[in-house]
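First comes the structure, then the notes that go with it.
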Amino acid sequence: QVACIEVVEAYVERIKEVNPLINAVVKDRFEEALQEARQVDKLLSEGPVDDCLEEKFPLLGVPITVKEAFSLYGMPNTSGLVNRRNVIATSDATVVSRLKQAGAIPLGVTNCSELCMWYESSNRVYGRTNNPYDLQRIVGGSSGGEGSVLAAACSVVGVGSDIGGSIRMPAFFNGVFGHKPTTGVVPNDGQFPNARGVRTSYLCTGPMCRYAEDLEPVLRVMAGPGVSKLKLNEKVSLEKIKFHCMDHDGGSIFVSPVDKEILQAQKKVVEHLESDLGVRVQHVAIHKMKYSFQIWSAMMSSKDSEGQEAQRFTDLLGDHGKPVWPLWELMKWLVGMSSHTLPAIALGLTEKLVNLNISGKAKLVSMGKSLQEEMEALLGPDGVLLYPSHPTIAPKHHSPICMPFNFAYTAIFNVLGLPVTQCPLGLGSEGLPLGIQLVAASYNDHLTLAVARYLEKAFGGWVLPGEV
């Protein structure tokens, strides 16, 4: 109906208009994108669009953005680390390559937290990204630039990665959809930092979109041959899904209580499912979820089956040079001389503490494996769990440092390996996005994606910032 060049031009103009406010796109490739759009139009003008073309290029001409932690040829690939300021990608990450081959057109790369290990997207290379619904609020991390750029209608599809909630927190805070696939289906190759040791089982690459219906086709492309492990061709009967609901983690001392507005939004979902589908939503209390942060932390720092240690964060901060001394960096930070952000320094300090209690760590790893079995048994082949995305709506800038462990609400599902779709549920009283996590057993991504499409129709999905 419209030429590809018109679509790409519209998105380029939109980015130019709002990016000075949100600082989400940190490096653009507008000239190349416009050239690629002309090539798409040329291809379409040469003959009728048939099924063969659609099959070969399912995302033909679709403008996308990519988290800067992924290699996108010709674009920076620093992950917000000052040491890598001059690193330019000479190839594409596997998922980026697959999206390009499917016809997608990257517009540029987006901001993330330093080394992708914090839930505010701010670093000493590109500065801070702002939430389009309120510029004084965070966008989440580490795929925060993607959450912000999608919410501001600057892109159609985003490439994100998630080891503790890095797709789902930004999707929640910015009122868009995000999907953390079942572990091991979508390749993680070509991102920095990449996972090593046990963490290869926890890091997931996945799609972020404004519209629920876009998640599945993008996931298919990202997964490539791995998509056969998922049941995306199975028709889902929503009335036959066994829905479970958990209002909070059980009261962890490390995590804030869940906001009343978030609980209220979840209650509305339960009421709607019961009245509209005629199902009964089972309220559950899974005791071990109270220890989500401790379980995630212990499992992230444990050895793999071959006895390989997890890579230390302080080594990554040094980026192949000397490991960083976090205490020395803290002294430098206090006088404005450190090239690292305070959360990164704090993470380096806490990393040392985690490894002091060896027996306690082993108990927590064992508890994590037991929780995984409990979850798989509860959800089974047809179950979906409704669970809060985060204890609070998008916090103000810098405040996550006062509540550093709130990401436990998303992180626990990384170490459990379960697929999760983050679904927006409109805006709250302060005009900030509300939402919910939809969780299924391994390889049942089709269930959470189907429920997300259903809830989008029921609750309106993404809302353009400034529209209310």
Under 5 Å from the placed amide H of S155, counting only residues 5+ away or on other chains, we find none
Fully extended, how many nm does the chain gain between S275 and E55 (0.36 nm per residue separation, minus their Cα-Cα distance)?
75.3 nm
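Percent relative contact order of the chain, based on C-alpha pairs within less than 8 angstrom and at least six residues apart?
Details: 1064 pairs, mean separation 84.1, N = 468.
It comes to 18 percent, rounded to a whole number.
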Accessible-area value, Y443, 1.4 Å probe, nucleic acids and ligands omitted, Å²:
90
Note to self: with every protein chain in place and a 1.4 Å probe, the chain gives an accessible area per residue in Å² of 41
Computed ³J(HN,Hα) along the stretch 281-298: with the Karplus parameters 6.51/-1.76/1.60, θ = phi - 60°, integer Hz and x for glycine or proline, the list is 8, 8, 7, 10, 10, 9, 3, 5, 4, 4, 9, 3, 5, 5, 5, 4, 4, 5
Loop-resident trypsin sites (Lys or Arg not before Pro) in the stretch 131-215 with no more than 14 other Cβ atoms inside 10 Å, DSSP not H/G/I/E/B, are R196
Peptides 120-127, 51-58 ordered by average Cβ neighbours within 10 Å, highest first
120-127, 51-58
The stretch 223-237 versus the stretch 155-183: alpha-carbon centroid distance in Å
19
What FRET efficiency comes out for the pair D259/E239, r = Cβ-Cβ distance, R0 = 25 Å, nearest 0.05?
0.20
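Please report the carbon-and-sulfur percent of the accessible area for the stretch 4-459; probe 1.4 Å, protein heavy atoms only, DNA, RNA and ligands left out. Let's see the in-between values first.
On the way: 9940 of 18270 Å².
That fraction is 54 percent.
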Under 5 Å from the placed amide H of I286, counting only residues 5+ away or on other chains, we find none
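Taking a 1.4 Å probe, which of E114, E261, E46 shows the most accessible area, and what order do the others take after it?
Values: E114 5, E261 60, E46 125 Å².
So, going from the largest accessible area down, we get E46, E261, E114.
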Report the paramagnetic label zone for E31: residues of the stretch 103-142 whose backbone N is under 16 Å from a point 7 Å from Cα along the Cα-to-Cβ axis.
107-108
Between the modelled labels at D304 and E373 (7 Å from Cα along Cα→Cβ) the distance in nm is 2.4
Starting from the Cα of H283, step 7 Å along the direction of its Cβ; do the same at V87; then give the gap between the two resulting points in nm.
4.8
Looking at the chain, what % of its DSSP beta bridges pair antiparallel, to the nearest 5?
70
³J(HN,Hα) across the stretch 211-225 via Karplus (A = 6.51, B = -1.76, C = 1.60, θ = phi - 60°), whole Hz, x for Gly/Pro?
10, 4, 5, 7, 4, 5, x, 6, 4, 4, 5, 4, 6, x, x
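The values are calculated or read from the model by the stated rules, or taken from the named source; none is laboratory data. What you are looking at is a predicted structure, and each value in this text was computed from that prediction instead of being measured. When we count neighbours, we look across all protein chains shown, and the Cβ atoms used for this are built from the backbone with ideal geometry, even at glycine. Accessible surface areas use protein heavy atoms only, side chains included; no ligands, DNA or RNA. Shrake-Rupley method; radii C 1.70, N 1.55, O 1.52, S 1.80 Å.
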